[in-house]
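A.B. asks: Encoded as structure tokens, here's the structure I'll be asking about.
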Protein chains: 2
Amino acid sequence: MTRTSTTDHRQPASTGLVGEWRELLDRHAAVSCALEKALQDEHGIGLSEFETLDRLVDANCGKYRMADLAQDIYLSQSALSRAVARLEKDGLVDRSVCDTDRRGVFVRLTDAGRKLYDAALPTHREVLHATWGGGGC
Amino acid sequence: MTRTSTTDHRQPASTGLVGEWRELLDRHAAVSCALEKALQDEHGIGLSEFETLDRLVDANCGKYRMADLAQDIYLSQSALSRAVARLEKDGLVDRSVCDTDRRGVFVRLTDAGRKLYDAALPTHREVLHATWGGGGC
DNA sequence: AACCATTCCATGCACGTGCATTCAATGCAA
DNA sequence: TTGCATTGAATGCACGTGCATGGAATGGTT
């Protein structure tokens, strides 16, 4: 069954781990790009900011340590620091120094932050459903 | 079965499409970051450059139009243009104007380009296998 | 031929990210 | 207490990316 056609290139790489990785790469580009645009246009925040808000929403006591937050999100420490800075600038989040360890910083959702998150959630879900299969950006 | 525990947050989002998306986001960050580092350290190219070389390797006649290349890769037109520019600067690729349509640009792998690709391929595969399950960056 | 819409690629600009560094606060040992 | 390694977070810098634009080449219309 070893077809000697000249048009069957890219077949071997399309199966197995490499193929899965390539699919992931394509899907990531399509979905994240579409999400980025929709969230930016309709709510004025980027994907990183949305994901950050999303983690804060189901925080146990409302607060979240930067260090812990960094563990639960795909962002690096510096990227998270800046994302939170942008959110704070927009009044969606506030930072407070930890009492017992004044190196630590607590991040907490403000009322405006929760309001915007609730508004952005439907957008996020819609775009996700719309672009998951393909198309998108 | 509606458990009223106070510790089962993040469950609803972990299943279904949103959960899959979040997994993809995490895996993308881990794998692409690890690949980026390994390729950069061991071969002096980034992930975008490697993926570009990869497309060029199984080009039919060795040449590849920029416009076609842009369709077959997750990069935007401008990102691709710059990736090719970097590859050309390193002598891994050369650009030539199409004779019949002088707007079009053909990209072609040089000998050095193929050589470096052959060397980088094992690295790519190793890192991919090592980071796909988790860990990584 | 003259004109215009379209296509292809490159590029200026703004922006988010990673890396490495910096600074402050903490814990520990002498 | 003093000294030092460690940790948490912010930031300067370089770099890759997307968006919008620009310029060149093409095709079609008059």
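Just so it is clear, none of the values below were taken in a lab; they were calculated from the coordinates. Here the structure is a predicted model, which is why all the values come from computation and not from measurement. Positions of Cβ are backbone-derived with ideal geometry, glycine not excepted, and every protein chain shown enters the neighbour counts.
A.B. asks: Taking the stated definitions as given, is A:SER48 assigned to a helix (DSSP H, G or I), within 13 Å of DNA strand D (Cβ to nearest atom), within 12 Å of chain B (Cβ to nearest Cβ) and of a type outside the set (D, E, K, R)?
C.D. replies: Values: assigned to a helix (DSSP H, G or I): yes; within 13 Å of DNA strand D (Cβ to nearest atom): yes; within 12 Å of chain B (Cβ to nearest Cβ): yes; of a type outside the set (D, E, K, R): yes.
Spelling it out, A:SER48 is indeed assigned to a helix (DSSP H, G or I), within 13 Å of DNA strand D (Cβ to nearest atom), within 12 Å of chain B (Cβ to nearest Cβ) and of a type outside the set (D, E, K, R).
A.B. asks: Here is a follow-up. B:ALA30 versus (1) free of Cβ contacts under 8 Å to residues at least 12 places away in the same chain; (2) away from DNA strand D (no atom under 14 Å from the Cβ): which is the lone unmet condition?
C.D. replies: Every listed condition holds for B:ALA30 apart from (1).
A.B. asks: A further question on this structure: Considering the stretch A:34-55 alone, what residues qualify as being surrounded by 16 or more Cβ atoms within 10 Å (Cβ to Cβ), without any contact (Cβ under 8 Å) to a residue 60 or more places away in the chain and more than 12 Å from DNA strand C (Cβ to nearest atom)? Let's see the steps before the verdict.
C.D. replies: Here is the first cut: in the stretch A:34-55, the residues surrounded by 16 or more Cβ atoms within 10 Å (Cβ to Cβ) are A:34-36, A:38-39, A:43, A:45-55.
Pick out the ones that are also without any contact (Cβ under 8 Å) to a residue 60 or more places away in the chain and you get A:36, A:46-49, A:51-52, A:55.
Correct list: A:ARG55 only.
A.B. asks: Okay, moving on. Taking A:SER76 as meeting all but one of (1) more than 9 Å from DNA strand D (Cβ to nearest atom); (2) surrounded by 13 or more Cβ atoms within 10 Å (Cβ to Cβ); (3) of a type in the set (S, T, N, Q), write down the number of the exception.
C.D. replies: (1)
A.B. asks: Scan the stretch A:62-73 for residues that are touching a residue at least 24 places away in the same chain (Cβ under 8 Å) and either among the charged types (D, E, K, R) or surrounded by fewer than 17 Cβ atoms within 10 Å (Cβ to Cβ) (or both) and jot them down. Don't jump to the end; show me each part of the working.
C.D. replies: Start the filter on the stretch A:62-73 by keeping residues that are touching a residue at least 24 places away in the same chain (Cβ under 8 Å), which leaves A:62-67, A:69.
Listed by number, the residues that qualify are A:GLY62, A:LYS63, A:ARG65, A:ALA67.
A.B. asks: Next question. Please work out which residue is nearest to DNA strand C (Cβ to nearest atom), limiting yourself to the stretch B:57-84 and to residues that are over 24 Å from A:SER32 (Cβ atoms) and among the hydrophobic types (A, V, I, L, M, F, W, C).
C.D. replies: Within the stretch B:57-84, the match that is nearest to DNA strand C (Cβ to nearest atom) is B:ALA59.
A.B. asks: Among the residues of the stretch A:106-131, write down those that are surrounded by 17 or more Cβ atoms within 10 Å (Cβ to Cβ) and of a type outside the set (Gly, Ala, Ser).
C.D. replies: Step one: filter the stretch A:106-131 for residues surrounded by 17 or more Cβ atoms within 10 Å (Cβ to Cβ), giving A:106-107, A:109, A:113, A:116-117, A:120, A:124, A:127-128, A:131.
Answer for the stretch A:106-131, where residues must be surrounded by 17 or more Cβ atoms within 10 Å (Cβ to Cβ) and of a type outside the set (Gly, Ala, Ser): A:PHE106, A:VAL107, A:LEU109, A:LEU116, A:TYR117, A:HIS124, A:VAL127, A:LEU128, A:THR131.
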